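Here is the structure we will look at.
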There are 2 protein chains.
Amino acid sequence: MKKLSELQEIIIDALGQYKLPAHPNELYEPITYILSIGGKRLRPALVLMACDMFGGRVEDAVQPALAIEVFHNFTLMHDDIMDKAPLRRGKATVHEKWNQNIAILSGDAMMVEANKLMMQVDDKILRPVLDIFNKTAQGVCEGQQLDMNFEDDNKVSIEEYLEMIRLKTAVLLGGALKIGALIGGTDAANAQNLYDFGVNLGIAFQLQDDILDVYGDPQKFGKQVGGDIISNKKTFLLIKALELARQANAGELTEWVSAIDFDKAEKVAAVTAIYNELQVRSYAETAMNSYAEVAFKALDSISLPEDRKQYLRDFADSLMVRDY
Amino acid sequence: MKKLSELQEIIIDALGQYKLPAHPNELYEPITYILSIGGKRLRPALVLMACDMFGGRVEDAVQPALAIEVFHNFTLMHDDIMDKAPLRRGKATVHEKWNQNIAILSGDAMMVEANKLMMQVDDKILRPVLDIFNKTAQGVCEGQQLDMNFEDDNKVSIEEYLEMIRLKTAVLLGGALKIGALIGGTDAANAQNLYDFGVNLGIAFQLQDDILDVYGDPQKFGKQVGGDIISNKKTFLLIKALELARQANAGELTEWVSAIDFDKAEKVAAVTAIYNELQVRSYAETAMNSYAEVAFKALDSISLPEDRKQYLRDFADSLMVRDY
C-alpha cells in the first residue's frame, strides 16, 4: 500500500502532465490556473487509496482521480462567483483575474473535462462509475443551493444543516472512495461500505471544522478564530444556539446576528459566551463523534484484512483532531 | 418513418413526463421553467429521426434526445447570463426571474441531468455515445468562448467565424444525429456521414440566418430586419464587408460600427447599402450553398435506401429557404 503522501505526489505529477487544448486560451487558461493553485489533493488521493486498498493498480485510477479534482475545482470556480470571493487559497479567483463570463464558461468546460477523464475506466465498470459520479455531482449542486438558501434563513434546523453538509461536502469524499473501490475491483457491498465511511467521515470532519472555528487553537490550525461568527455563517454551533435560544426566549444572540456595525472581537467573545452558556460545543462534539463512529463501523464491515483497513483508519485519524 | 411533427410531439410528451426532484426547488424549478418555454425541439427530434431512419426503436432514443434538449437549454441559461439577456423566447430569463446565482447553479445541475439522461442507452453503445456527447459539449463551450472573444475584435477572419459557428451551433446538430444513428444500430461510417451532414447543414443554416437578418422578408420570417446590423453582431456579412472595406480603404463601415449615437433605421439602410456595394450577400450565399452541398454529399454517402434518406433531405429543404 502506498502512503498518502505518495498518492498525493502521483496526483501532482498527473496534474503536471494533464494537457488541455491551447485554443481558445480564454477558456482553458483559467482551468490550468485554478488547478495550479494548490490544495491538498486529498479527494483524488482518496480515489487512488481506495483502488490500492483492494489490490487494484493505482495507475488505472489516476485519470478518474483527476476527474474528481477537476470536478471539485469546477465547483470552487462557480462557488467563488456566487460568493463574490476575491481570493481562493490566497490567489485571485478566476472571475477576479479574468471576468465573470470566463469563470462561468471555463467552469462549464471543466465539468465536461471531468466527464471525459472519468470515462477512462474499463468498459465493465463504466456505467457504475459514471452513475456514482453523476449522483455525486447532483448532490454537490443541491448542497450548494441549500447552503445559499441558508444565508437568509435564521430558522434552519440541525437536520437541514446536516443534510446540507452531507451533500455539499461529504458525498464527494464518499463518491471518490467508491469510484476508487470499483476501479480496484471490489464488489458493490464493499464499495458501498467505503462510500458510507467517506460520507460519514466527511460530515464529522465538517462538524469538527465548525467547532475549530470557535474553539481551535489559532496557532495550531492557522485560522482566525471566530471567522464563522463574524460572518454569521450557519454552522452547527450557530444553528443549535439559535434553536436553544429560541426555546429560552433569549434575544441577545439574534441581536448579534442581525447587528450591522459591530466590533469583531467583541462579537466573537459575546457569541462564544452564549455558545458556552448553551453548551452547543458538547452538542456538536456528540454529533461529530456519532458520525465518526458510523464511519468506522462502515469500515469494519468491509471484507479486507485489518492491515489494509488500518490505512484508512490512519487517514481518518489524521483528519479528526483529538486535541484542539 | 415518423414525420418530423410526430417526433416533435414525442419530445413534448416526454418533457411533460420528465420528473425532477422537488427539493431544493430553487435548483430545479428554473430547469422546469426554461424547458417549458418552448422552442421547436428540433435538436432532440433529430436524435429520434436518425434512430428511426436506421430502423431503431424511437422509444430507445427518447431519453438521449431529452439529454440533448436539456444540454441545449443549459447552454442557453448560461449564455443568457453572459449576454445579460432579459428575455428568452419572450419570457424572462432565469437570472432575471430568479437571480444570477440560481441561473449559474441550475445550469450546472442541468449539465448533470443531461449526462444522466444520455446514459440511458444500451451498454454496448454507452461509451461511443458519451464520447460524442462530451466532444459536442466541449465544442459548444469553445464556440461560445470564441463568440464572446469576437465581440471586441474587429479583425475576425471569415475562417475564424466559420469555425465559431461550427462549434457554437453546428456540432450539436451533428452530435444529435450521430447519437441517434448509433442508437438506431448503424455502423460508425454511416454515423459519421450523418454527423458531417448535420454539421455542414448547421453551418449553412447559420449563414442563411445571417443573410435573412438583412435581406429576409420581415413578414415571412417574423424578425426585425437589421437587428444584427444595429448590434454590430459579427456575422458573415459584417466580417466579409470589414475585410473588403479594409482592402478598399473605406472608412464609412467602421464609422458605423463604432458609432454610439445613431438612428437605427439610418444605420441599417447605410450598412445595407455598403453590403450591397461590396456584394457580401453573394459571398455569403456562395459559402452557404457550398456547406449545404457538402451536407448533401455526406447524406449521399450513407448506405440506406433513397426513400429513407429523402426524409432528411426534406428536413434540410424545410430549413433552407429558397425564396427570401
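Is it true that A:Ile183 is surrounded by 22 or more Cβ atoms within 10 Å (Cβ to Cβ), away from chain B (no Cβ under 12 Å) and in contact with an Asp or Glu (Cβ under 6 Å, 6 or more places away or on another chain)? If you could, list the steps in order and put the result at the bottom.
On the way: surrounded by 22 or more Cβ atoms within 10 Å (Cβ to Cβ): yes; away from chain B (no Cβ under 12 Å): yes; in contact with an Asp or Glu (Cβ under 6 Å, 6 or more places away or on another chain): yes.
Here the answer is yes, as A:Ile183 does meet what is asked.
Restricting the stretch B:122-131 to residues that are under 24 Å from the mean Cα position of the chain (by Cα) and in contact (Cβ under 8 Å) with a residue 40 or more places away in the chain, the residue that is nearest to B:Phe74 (Cα to Cα) is B:Val129.
Can you name the residue in the stretch A:91-118 that is out of contact with any helix residue (DSSP H, G or I) (no Cβ under 6 Å at 6 or more places or on another chain) and without any contact (Cβ under 8 Å) to a residue 12 or more places away in the chain and, of all such residues, is most open to solvent (accessible area, probe 1.4 Å)? Only one residue tops the list, namely A:Glu96.
Evaluated against (1) open to solvent by less than 10 Å² (accessible area, probe 1.4 Å); (2) hydrophobic (A, V, I, L, M, F, W, C); (3) more than 10 Å from chain B (Cβ to nearest Cβ), A:Ile125 falls short on exactly one condition, (1).
A quick yes/no check of all residues on (1) within 14 Å of chain B (Cβ to nearest Cβ); (2) under 21 Å from A:Met119 (Cβ atoms); (3) out of contact with any strand residue (DSSP E or B) (no Cβ under 8 Å at 6 or more places or on another chain); (4) touching a residue at least 40 places away in the same chain (Cβ under 8 Å):
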residue: A:Lys2; (1), (2), (3), (4): no, no, yes, yes
residue: A:Glu6; (1), (2), (3), (4): no, no, yes, no
residue: A:Ile12; (1), (2), (3), (4): no, no, yes, no
residue: A:His23; (1), (2), (3), (4): yes, no, yes, no
residue: A:Ile34; (1), (2), (3), (4): no, no, no, yes
residue: A:Val58; (1), (2), (3), (4): no, yes, yes, yes
residue: A:Gln63; (1), (2), (3), (4): yes, yes, yes, yes
residue: A:Ala67; (1), (2), (3), (4): yes, yes, yes, yes
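The criterion of being at pLDDT 95 or above, assigned by TED's automatic domain parsing to the domain that holds B:Asp60, surrounded by 18 or more Cβ atoms within 10 Å (Cβ to Cβ) and touching a Lys or Arg at 6+ places or on another chain (Cβ under 7 Å) does not hold for B:Ile31. Checked against the criteria, B:Val70 does not count as among the hydrophobic types (A, V, I, L, M, F, W, C), over 20 Å from the mean Cα position of the chain (by Cα) and assigned to a helix (DSSP H, G or I).
When you look at B:Asn134, is it at the interface with chain A (Cβ under 10 Å from one of its Cβ atoms), touching a helix residue (DSSP H, G or I) at 6+ places or on another chain (Cβ under 6 Å) and either of a type in the set (S, T, N, Q) or surrounded by fewer than 16 Cβ atoms within 10 Å (Cβ to Cβ) (or both), yes or no?
On the way: at the interface with chain A (Cβ under 10 Å from one of its Cβ atoms): yes; touching a helix residue (DSSP H, G or I) at 6+ places or on another chain (Cβ under 6 Å): yes; either of a type in the set (S, T, N, Q) or surrounded by fewer than 16 Cβ atoms within 10 Å (Cβ to Cβ) (or both): yes.
Considered against the rule, which asks whether it is at the interface with chain A (Cβ under 10 Å from one of its Cβ atoms), touching a helix residue (DSSP H, G or I) at 6+ places or on another chain (Cβ under 6 Å) and either of a type in the set (S, T, N, Q) or surrounded by fewer than 16 Cβ atoms within 10 Å (Cβ to Cβ) (or both), B:Asn134 comes out as yes.
Going by the structure shown, is B:Gly38 away from chain A (no Cβ under 13 Å), more than 21 Å from the chain's Cα centre (by Cα), part of a loop (DSSP other than H, G, I, E, B) and not basic (Lys, Arg)? No: the conditions fail for B:Gly38.
Looking for something at pLDDT 95 or above and outside any helix (DSSP H, G or I) - is there at least one such residue anywhere in the stretch B:121-143? Taking every residue of the stretch B:121-143 in turn, at least one turns out to be at pLDDT 95 or above and outside any helix (DSSP H, G or I). Counting only residues that are within 10 Å of another protein chain (Cβ to nearest Cβ) and open to solvent by 60 Å² or more (accessible area, probe 1.4 Å), the stretch B:73-90 holds 2 of them.
Per the listing B:Gly202, B:Gly198, B:Gly222, the residue uniquely at pLDDT below 95 and either within 22 Å of the chain's Cα centre (by Cα) or farther than 21 Å from B:Ala170 by Cβ (or both) is B:Gly222.
Whether any residue in the stretch B:146-166 is closer than 30 Å to B:Asp52 by Cα and either within 13 Å of the chain's Cα centre (by Cα) or in the same structural domain as B:Arg246 (by TED's automatic domain parsing) (or both) is what I want to check. Within the stretch B:146-166 (the criterion being closer than 30 Å to B:Asp52 by Cα and either within 13 Å of the chain's Cα centre (by Cα) or in the same structural domain as B:Arg246 (by TED's automatic domain parsing) (or both)), the answer is yes, since at least one residue qualifies.
The values are calculated or read from the model by the stated rules, or taken from the named source; none is laboratory data. All values reported here derive from a predicted model rather than from experimental measurement. Please note: Cβ atoms are built from the backbone with ideal geometry, for glycine as well, and neighbour counts cover all protein chains shown. For accessibility, only protein heavy atoms count, side chains too; no ligands or nucleic acids. Shrake-Rupley method; radii C 1.70, N 1.55, O 1.52, S 1.80 Å.
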